[in-house]
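For reference, the structure is listed below as structure tokens.
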Amino acid sequence: QVQLVEFGGGLVQLGGSLRLSCAAVGSSFSNAVMGWYRQAPGKQRELVAVITSGGIANYPDSVKGRFTISRDNAKKTVYLQMNLLKPEDTAVYYCNYKLGSLLAWGQGTQVTVSS
């Protein structure tokens with residue numbers, strides 16, 4: 001099993017930056033695909049960034065050029081650097097772990113962008 005613990009949410013002004021962290025406890029990390037999702041009130045959860053075990057990252061157009069996902073396998077941690085934040089980025093952000101049939105989610109961290 002794996003547990004994911006997230007850090008780094010908060011309140012930021014339009015155009016500001018935040019860095020989210022997600023630490024994995026209890027299972028293999030380096031071979032896992034790690035992702036960040038978000039869910040705004042009344043909306044479905046959506047992918048904002050994913051990084052493969054080989055370090056290849058992908059983003060939807062809504063965050064491309066503003067968000068950067070990275071990973072530190074030695075620390076079993078994945079990061080999401082968010083720049084040029086907009087009010088529409090306001091959501092609960094969730095870390096996601098996928099390794100074979102094993103799937104896990106973090107508890108979520110609130111990101112609020114004020115205008």
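The values are calculated or read from the model by the stated rules, or taken from the named source; none is laboratory data. Values in this document were obtained by computation on a predicted structure and should not be read as measured data. Because the Cβ atoms are built from the backbone with ideal geometry, glycine has one as well, and the counts that use them run over all protein chains shown. Surface areas here come from the heavy atoms of the whole protein model, side chains and all, with no ligands, DNA or RNA. Shrake-Rupley method; radii C 1.70, N 1.55, O 1.52, S 1.80 Å.
Out of contact with any Pro (no Cβ under 7 Å at 6 or more places or on another chain) and closer than 15 Å to residue 98 by Cα: is that true of residue 45 in this structure?
Working: out of contact with any Pro (no Cβ under 7 Å at 6 or more places or on another chain): yes; closer than 15 Å to residue 98 by Cα: no.
Answer is no for this residue.
Filtering segment 95-115 down to residues that are open to solvent by 40 Å² or more (accessible area, probe 1.4 Å) and among the hydroxyl-bearing types (Ser, Thr, Tyr), which residue is nearest to residue 36 (Cα to Cα)?
It comes out as 112.
Tell me yes or no: at least one residue of segment 60-68 is touching a Ser or Thr at 6+ places or on another chain (Cβ under 9 Å) and at pLDDT 95 or above.
So far as segment 60-68 goes, no, none of its residues is touching a Ser or Thr at 6+ places or on another chain (Cβ under 9 Å) and at pLDDT 95 or above.
Can you tell me which residue within segment 31-51, out of those that are in contact with a Leu (Cβ under 8 Å, 6 or more places away or on another chain) and closer than 14 Å to residue 63 by Cβ, is surrounded by the most Cβ atoms within 10 Å (Cβ to Cβ)?
As a first pass, look at segment 31-51 and keep what is in contact with a Leu (Cβ under 8 Å, 6 or more places away or on another chain): 31-33, 35-37, 48-49.
With the extra rule that they be closer than 14 Å to residue 63 by Cβ, the set shrinks to 35-37, 48-49.
Working: 35: 23, 36: 25, 37: 20, 48: 24, 49: 27.
Among those that are in contact with a Leu (Cβ under 8 Å, 6 or more places away or on another chain) and closer than 14 Å to residue 63 by Cβ, it is 49.
For segment 74-88, does any single residue satisfy the condition of being exposed (fewer than 12 other Cβ atoms within 10 Å of the Cβ), within 19 Å of residue 17 (Cα to Cα) and more than 11 Å from the chain's Cα centre (by Cα)? Write out each step before concluding.
We begin by selecting, within segment 74-88, every residue exposed (fewer than 12 other Cβ atoms within 10 Å of the Cβ); these are 74, 87-88.
Those still in the list that are within 19 Å of residue 17 (Cα to Cα) too: 87-88.
Filter once more, keeping what is more than 11 Å from the chain's Cα centre (by Cα): 87-88.
Looking through segment 74-88, at least one residue is exposed (fewer than 12 other Cβ atoms within 10 Å of the Cβ), within 19 Å of residue 17 (Cα to Cα) and more than 11 Å from the chain's Cα centre (by Cα).
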